[in-house]
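Step one of this worksheet: look at the structure below.
The values are calculated or read from the model by the stated rules, or taken from the named source; none is laboratory data. Keep in mind the model is a prediction, meaning the values are calculated, not measured. Cβ coordinates were reconstructed from backbone atoms using ideal geometry, including for glycine residues, and neighbour counts include every protein chain displayed. What goes into the accessible areas is simple: the full protein's heavy atoms, side chains included, and nothing from ligands, DNA or RNA. Shrake-Rupley method; radii C 1.70, N 1.55, O 1.52, S 1.80 Å.
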Amino acid sequence: MTHRLPTLYLLALLAVSPIVFSNFAWADSAPASNKTDTKTATDNTVTKTKKSSETYFAEGLDCLKTSNLICAKTAQASIPAISSYATLLAGNIAAAEQDFVNVLRLLLPLQADKTLNNSAVASLHASLAAAYDDQDDSYRALEQRVSAEPFLSSPLDIKANQARIWQSLTSLPKTQLIEMRGLSENNVTQGWIDLAIATASANKQAIIDWRTAYPDHPASDTIAQQFLDDRMFMNKNSGSSLGVSGKIALILPFSEQLLYPVADAIEQGFSAANDMNKNSAEIKIYPSSAKKEDIIALYQQALDEGAKYVVGPLTREETSTLSSAKISVPTLTLTQPDTTTDTANFYSYGLTVEDEVTQIIKTARDAGMQSATIVMSNSPLANRMAKAFSEAWTATGGNIGLPISIPDKTLFPTIKSQLESNPTDMIFLAANADEAREIRPFLNSATPTFGLSQMNDGLSQANSDNALNAIRFTEIPWVIDHNNEAYKDYYKAAADLPQGEMQRWFALGVDAYHLLAIITQRPNSFSTFNGLTGKISVSATGEIKRELLLGRFTKQGIMLESAP
């Protein structure tokens, strides 16, 4: 049975190139049975080929690269149990099976083993890094990847390892990076942390100063140089200033009346980014009906008319249908398909509740919270929020104390008694702004309560928001940090749009332009930038993630609580 490796572990393991050693051969002479034998002992000599433990280990790693666990376990069984290679391969197999408790148990003692070859040592540190990733121990994961690099010989392997280090560090808030400073006496480890802090400041001089302090650091001529080469620092990293030229097809639901305002806001943001970068790209709008039956023909029409790039569609149905089609030019959809796809030239980015839920859970777990109550309003969006939170929360080992669904307002008074009977560390409120204002008075104000950006309708000075006091929620930088100097070039372009949702769609249009520039000009490389919709990263495999800001409702209005 073939199993698929988890993405994070696969990236780490593929940074290891096993060294295949030559087989060892021994000549075993068969003894003469007696003096009457017609053949001599020399005639009965046979040669048997045996493999070394190192060779079986290398074969096992090759098996893991193709997700063939049975093959890997067969190789592991062929290694003498007393060999360190048997234990190491068992640990790598445990990592592939996400059995990270056994990874640590088997592999931590092997760090002191000096008999392992370079390939083995690199795989040892890669698996330990994956185990620490699973524990959200970013510092120890960094240490393991730093330890792995001296044992990597291939430039591609080194690049992949550095990309994994950088992706991990840039996903951390600046406050956590500062806390990590000084924990290690290893100059390389400290240099990685300081580089992440320097780039977070969006200050070109900070990168120059870093290179002066760490002239021989492995990232000096790679990641640090990339930041110095980019013009994005000229606008305080509000997005990449990489240009896009040629014809861009913008597929948006202008033909669907309810979605017309959304399509218009996205188009305004996309065009504003193109104008600000003074590029010569030709943008042509292709109005969609938001129906999956029409999207393939519309996409093909754009290609037939000479589109070099496609941005859109917007709806999940359209995106899911397009994801199974032939994609011949770089295509960035503005929502995620129902299922993941490895289709070449196909990228997805959007304002998903799943991204926001991930950040809420990280915040809560970092604060030591173990149990949660889900309170949800009666709407499809609330159900999606609650489902996303429940699945992600339990996946981290958290407990759901009580899911409370409220089909109508008459049941609001029952919420308080249910909460008192089943106390938990926190409450996740799955509701929009209007619903949250009605539900909040029935919640225990002493229990930390979290929500998503839908809770903020953009009218933060309204007296009705007093009911939401102390609730913490995720939000995009453009909405909650609107006075940031880095965004001033976009103020005029968005001035006529209503506050709240339309501003979010405008921000999506701006970031979609910058993402298109990155995925077309830096394919197969890791990139990150501070966008209007969050801190955005693009992995070497094309996966796009974002990190939002955290706000809090107060009696004085919405306060920015933390930043990436």
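Annotation: Leu88 fulfils all but one of (1) within 26 Å of Ala141 (Cα to Cα); (2) at pLDDT below 95; the unmet one is (2).
All conditions in (1) touching a residue at least 24 places away in the same chain (Cβ under 8 Å); (2) among the hydrophobic types (A, V, I, L, M, F, W, C); (3) farther than 18 Å from Glu267 by Cα hold for Leu332, with the sole exception of (3).
Here is the figure for region 531-564: residues that are in contact with a strand residue (DSSP E or B) (Cβ under 7 Å, 6 or more places away or on another chain) and assigned to a loop (DSSP other than H, G, I, E, B) total 6.
For residues that are over 23 Å from Asn456 (Cβ atoms), more than 21 Å from the chain's Cα centre (by Cα) and open to solvent by less than 70 Å² (accessible area, probe 1.4 Å), tally how many sit in region 384-404.
Filtering region 384-404 for residues over 23 Å from Asn456 (Cβ atoms) gives 391, 394-403.
From what is left, the residues that are more than 21 Å from the chain's Cα centre (by Cα) are 399-403.
From what is left, the residues that are open to solvent by less than 70 Å² (accessible area, probe 1.4 Å) are 400-402.
So the count comes out to 3.
Would you confirm whether or not region 160-168 contains a residue that is in contact with a strand residue (DSSP E or B) (Cβ under 8 Å, 6 or more places away or on another chain) and on the phi > 0 side of the Ramachandran plot? Within region 160-168 (the criterion being in contact with a strand residue (DSSP E or B) (Cβ under 8 Å, 6 or more places away or on another chain) and on the phi > 0 side of the Ramachandran plot), the answer is no, since none of the residues qualifies. For the structure I just gave you, tell me whether Ile79 is in a loop (DSSP other than H, G, I, E, B) and open to solvent by less than 40 Å² (accessible area, probe 1.4 Å). For Ile79, the condition - in a loop (DSSP other than H, G, I, E, B) and open to solvent by less than 40 Å² (accessible area, probe 1.4 Å) - is met.
Here's the yes/no breakdown for (1) within 16 Å of Asp355 (Cα to Cα); (2) within 18 Å of the chain's Cα centre (by Cα); (3) modelled with pLDDT of 85 or more:
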site: Arg504; (1), (2), (3): yes, no, yes
site: Leu515; (1), (2), (3): no, yes, yes
site: Asn524; (1), (2), (3): no, yes, no
site: Thr533; (1), (2), (3): yes, yes, yes
site: Ala540; (1), (2), (3): no, yes, no
site: Ile544; (1), (2), (3): yes, yes, yes
site: Phe553; (1), (2), (3): no, no, yes
site: Glu561; (1), (2), (3): no, no, no
site: Pro564; (1), (2), (3): yes, yes, no
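Of the numbered conditions (1) out of contact with any helix residue (DSSP H, G or I) (no Cβ under 7 Å at 6 or more places or on another chain); (2) closer than 20 Å to Thr55 by Cβ, Pro109 satisfies every one except a single condition; which is it? Of the numbered conditions (1) out of contact with any helix residue (DSSP H, G or I) (no Cβ under 7 Å at 6 or more places or on another chain); (2) closer than 20 Å to Thr55 by Cβ, the odd one out for Pro109 is (2). Please verify whether Ile476 is over 25 Å from Gln556 (Cβ atoms) and hydrophobic (A, V, I, L, M, F, W, C), treating the condition exactly as stated. No.
Screening Ser153, Ser119, Ser168 for residues that are at pLDDT below 95, touching a helix residue (DSSP H, G or I) at 6+ places or on another chain (Cβ under 9 Å) and surrounded by fewer than 18 Cβ atoms within 10 Å (Cβ to Cβ) leaves exactly one candidate, Ser153.
Yes/no per residue for (1) surrounded by 22 or more Cβ atoms within 10 Å (Cβ to Cβ); (2) assigned to a helix (DSSP H, G or I); (3) of a type in the set (A, V, I, L, M):
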residue	(1), (2), (3)
Asn161	yes, yes, no
Glu179	no, yes, no
Gln190	no, yes, no
Ala196	yes, yes, yes
Thr199	yes, yes, no
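Scanning region 320-352 for residues that are of a type in the set (A, V, I, L, M), in contact with a Leu (Cβ under 9 Å, 6 or more places away or on another chain) and surrounded by fewer than 20 Cβ atoms within 10 Å (Cβ to Cβ) returns a single hit, Val329.
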